[in-house]
Amino acid sequence: NELPKRATITLRREKLDRLIGHVVPSEQVSDILRRLGCQVTEQGDSWQAVAPSWRFDMEIEEDLVEEVAR
């Protein structure tokens, strides 16, 4: 039995701001994602997040938006 591959998800600043309705500082977004167990790389106006192995519910960009909004 193998675990599913860990998802690499791109979170775009434009989509994050639009869906949340306000701007969350970049440092705060990175911090939130790291505290959730993601490996995070900032790339201009986006983040690349590798979901932790125990978070099977993190698969798409909207999942990350939801986590940041909490």
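The values are calculated or read from the model by the stated rules, or taken from the named source; none is laboratory data. Quantities reported herein were computed from a predicted structural model and do not represent experimental measurements. Quick reminder, even Gly has a Cβ in these numbers, built from the backbone with ideal geometry, and neighbours come from all protein chains shown.
Among the residues of segment 3-14, which ones are surrounded by 15 or more Cβ atoms within 10 Å (Cβ to Cβ) and either outside any loop (DSSP other than H, G, I, E, B) or of a type in the set (K, R) (or both)?
R6, I9, L11, R12, R13 - these are the residues of segment 3-14 that are surrounded by 15 or more Cβ atoms within 10 Å (Cβ to Cβ) and either outside any loop (DSSP other than H, G, I, E, B) or of a type in the set (K, R) (or both).
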Problem - Residue check for V40: in contact with a Phe, Trp or Tyr (Cβ under 7 Å, 6 or more places away or on another chain) and either at negative phi or modelled with pLDDT under 95 (or both) - result: yes
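Can you pull out every residue in segment 40-54 that is within 19 Å of E66 (Cβ to Cβ) and either of a type in the set (S, T, N, Q) or in contact (Cβ under 8 Å) with a residue 24 or more places away in the chain (or both)?
S46, W47, Q48, A49, V50, A51, P52, listed by residue number.
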Exercise for the section: Inspect all residues belonging to segment 1-12 and state whether any of them is at pLDDT below 95, within 12 Å of the chain's Cα centre (by Cα) and not polar (S, T, N, Q). Expected result: yes
Practice task
Please tell me if E59 is assigned to a loop (DSSP other than H, G, I, E, B), surrounded by fewer than 15 Cβ atoms within 10 Å (Cβ to Cβ), under 13 Å from the mean Cα position of the chain (by Cα) and charged (D, E, K, R).
Solution key: yes
Exercise for the section: Scan segment 15-51 for residues that are surrounded by fewer than 14 Cβ atoms within 10 Å (Cβ to Cβ), part of a loop (DSSP other than H, G, I, E, B) and not β-branched (V, I, T) and jot them down. Expected result: G21, H22, P25, G44, D45
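Assess whether S30 counts as being modelled with pLDDT of 95 or more, among the polar types (S, T, N, Q) and touching a helix residue (DSSP H, G or I) at 6+ places or on another chain (Cβ under 9 Å).
Working: modelled with pLDDT of 95 or more: yes; among the polar types (S, T, N, Q): yes; touching a helix residue (DSSP H, G or I) at 6+ places or on another chain (Cβ under 9 Å): no.
When the stated conditions are applied, S30 does not pass them.
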